[in-house]
Amino acid sequence: MKRILSLSLAAVLLLAGCAGGSQSPNGGGEPVHDGKEPMKMSYTLAEPVYPEFPQQPQFSEDGDYDAYSEAYDKYMDALIALRGEGNHVTEAEHAALTAFTAKSTPLVLAGQEGKNAIYSPLSLWSALAMLAPCANGDSRLQVMTALNTENLDSLEEMASHIWQTLYTDDGMSALILSNSIWLNSNLQGTYVQDTLDTLAQKYYAGTYAVPMGSGEADQAVTEWVGEQTRGLIGGEQPVVETKPETLALLVSSLYYRAAWQDEFMPERTETDTFTGADGQESRVDFMHRTEDANFIRRDGYQAARLQTHLGEMVFVLPDQGVAPESLLQNQEFLSRLEFYGDACTWGEVQWSVPKFDVNSDLDLMEALKAMGVTDLPDFDRADLTGLTDLDAFLSDAKQLARVKVDEEGVEAAAVTMLCAPASGLSPEDPEICVMDLDRPFLFVIRAQDVPLFVGVVNQVS
C-alpha cells in the first residue's frame with residue numbers, strides 16, 4: 001500500500017503595539033480583564049467555513065471497475081461544480097507567484113552556503129498578502145510591490161482565488177491553506193473591523209483573542225498550527241513566543257499531502273556514501289528507481305522530477321564543483337525548470353536518492369528589506385493603521401522548516417514568523433540521466449507549477 005507524501009507549513013506574522021489598559025480586542029471598548037484575576041476567556045471570535053470537498057473514490061484490483069468509474073465521474077462532476085470554470089491558477093497569478101519566488105529565493109537563502117536550507121515562497125507570500133490590508137500608506141505600497149501587485153483589491157481577489165484553486169481535501173490528497181489572526185486581549189486600543197472582515201472573506205482567516213506574553217497564548221497558537229497541519233508542526237515546543245506588547249499574530253499555514261505516482265521499493269534501498277559541501281563523507285541509505293521520463297541538462301546542472309498525485313518534486317543535481325546556492329542566484333533559474341518542449345530531453349532517468357531529514361532556520365528580515373519592505377521595520381515610519389490605532393512596527397522575520405524523504409514519500413513543514421513589537425558541458429550520451437544525488441543538491445516541490453518549497457541539501461546524516 002502506498003503511503004501518502006505529506007508537506008505542511010505555517011506562516012506566522014507577529015505585530016505588536018504599545019501596552020496599555022485592557023480593552024476588548026474587537027474594538028468595542030468592553031473590558032476583557034481587570035488585571036486582578038487570571039483571565040478566563042474563549043479564544044475564538046470567528047471561525048472560517050471551508051467548503052465540503054468531494055471525496056475521491058479508491059479502486060482496488062479486485063473491485064468493480066464499472067462501479068468505480070461511475071463513482072469517479074460523480075467525483076469529477078462534484079469537483080467541477082465546487083471550483084467552477086476557474087479551477088486552475090491563472091496565468092497572471094502564476095506569473096506573480098513565480099516572480100516573487102525568483103526575487104525572494106536568492107535573498108532569503110543568501111549566506112546559507114554549505115548549510116541545509118529550506119524556504120517556502122508561498123508561505124511568505126501568503127503572510128505578506130495578509131499583512132497588506134493591515135498596513136496603510138507607503139507601508140502597504142512596499143508590501144504590495146514585494147508581492148508584484150499594485151492594487152489591494154486585485155491582491156485580495158488573487159489570494160482568494162489561489163485559496164479556492166489549490167484547496168484540496170479529497171480523502172487521498174490534501175493541499176490546505178489555513179489563515180488566522182490572533183489579537184491581544186490585554187492591549188488598549190481598537191481593531192479595524194473592516195480589515196478583520198476582509199481577512200475572513202478573502203483569506204478564510206479565523207479571528208482569535210489571547211493574552212499575549214503568556215504560555216496560554218503560545219500554546220493556543222501552537223495547538224491551532226498543529227491542528228491545521230495535522231500534527232506536522234506544533235509538537236512539544238511552542239511555534240512562537242509572544243510578548244506582552246505583541247499586538248497581533250497573522251498565521252498562514254499550508255498543509256500538503258499526496259502519494260507518489262510510482263513509489264520506491266524498500267528492497268532496492270542500499271547504503272552508500274554522501275559527500276557533503278564540507279567534503280565530509282556520510283554513510284546513508286539511498287533509494288533507487290529507473291524510469292523513462294523527461295529531464296533537463298544545462299551548463300552547470302541537470303534536473304528531473306518525481307510525480308505525485310498532487311504535483312511534483314523536482315531534484316536538481318549541480319555539476320561537480322558547482323554550489324547549489326550559486327544556481328539560485330539567477331532569478332530565471334526556477335522558472336526555467338520546465339519539462340516540456342525543447343527545454344528537456346526524453347530518456348532513461350536512473351534515480352539514486354538519499355533518505356534525508358533536514359532542518360533550517362532562516363532569518364527573513366534582510367530579505368524583506370531587500371525586496372523593498374523598509375518602512376514597516378522602522379518604528380517611526382511603520383503604518384499599520386489598516387488594522388489598529390496602536391503604534392506598531394515589524395521587528396523580526398524568521399522561517400523554520402523541515403523536510404523528510406524516504407521510500408514512502410516526503411514530509412515537510414515550515415513556519416514563517418514575522419515579529420513586530422511596539423514603539424556545466426553536455427555528456428556523450430544525453431539519452432541517459434543519472435540522478436545520483438550523492439553530493440549537495442536542490443529540490444523544488446510544486447503544485448500547479450506553484451513553488452511550495454525550495455530546498456538545498458548540503459549535508460545528509
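The values are calculated or read from the model by the stated rules, or taken from the named source; none is laboratory data. Note that the coordinates shown come from a computational prediction; the quantities given were computed from them, not determined experimentally. Every residue, glycine as well, gets a Cβ built from its backbone with ideal geometry; the counts of neighbours run over all protein chains shown.
Some observations on this one:
- Test: residue in segment 230-243 that is touching a helix residue (DSSP H, G or I) at 6+ places or on another chain (Cβ under 6 Å), among the small types (Gly, Ala, Ser) and at pLDDT 90 or above: no
- Residue check for Val403: within 23 Å of Val316 (Cβ to Cβ), at pLDDT below 90 and β-branched (Val, Ile, Thr): yes
- Selection status of Ser352, touching a Phe, Trp or Tyr at 6+ places or on another chain (Cβ under 7 Å) and either surrounded by 15 or more Cβ atoms within 10 Å (Cβ to Cβ) or over 27 Å from Met265 (Cα atoms) (or both): yes
Rundown of residues vs (1) closer than 23 Å to Ala132 by Cβ; (2) part of a helix (DSSP H, G or I); (3) over 16 Å from the mean Cα position of the chain (by Cα), yes/no style:
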residue: Glu216; (1), (2), (3): no, yes, yes
residue: Gly226; (1), (2), (3): no, yes, no
residue: Arg230; (1), (2), (3): no, no, no
residue: Glu236; (1), (2), (3): no, no, yes
residue: Val240; (1), (2), (3): yes, no, yes
residue: Tyr256; (1), (2), (3): no, no, no
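- Qualifying residue in segment 101-116 (condition: assigned to a loop (DSSP other than H, G, I, E, B), crowded, with 20+ Cβ neighbours inside 10 Å and of a type in the set (A, V, I, L, M, F, W, C)): yes
- Taken together, Tyr340, Tyr301 contain a single residue that is among the aromatic types (Phe, Trp, Tyr) and loosely packed, with under 13 Cβ neighbours inside 10 Å, which is Tyr340.
- Qualifying residue in segment 331-350 (condition: out of contact with any helix residue (DSSP H, G or I) (no Cβ under 6 Å at 6 or more places or on another chain), in a strand (DSSP E or B) and under 28 Å from Tyr255 (Cα atoms)): no
- Selection within segment 241-274 - among the aliphatic types (A, V, I, L, M) and surrounded by fewer than 21 Cβ atoms within 10 Å (Cβ to Cβ): Ala259, Met265
- Scanning segment 440-461 for residues that are buried (at least 20 other Cβ atoms within 10 Å of the Cβ) and assigned to a loop (DSSP other than H, G, I, E, B) yields Pro440, Asn458, Val460.
- When residues in segment 122-148 are screened for being touching a helix residue (DSSP H, G or I) at 6+ places or on another chain (Cβ under 8 Å) and either within 21 Å of Ala392 (Cα to Cα) or crowded, with 22+ Cβ neighbours inside 10 Å (or both), 17 of them pass.
- Of the helices (runs of 4 or more DSSP H) contained entirely in segment 117-206, those carrying at least 1 residues that are more than 19 Å from Leu387 (Cβ to Cβ) and of a type in the set (Val, Ile, Thr) fall at 137-146, 152-166.
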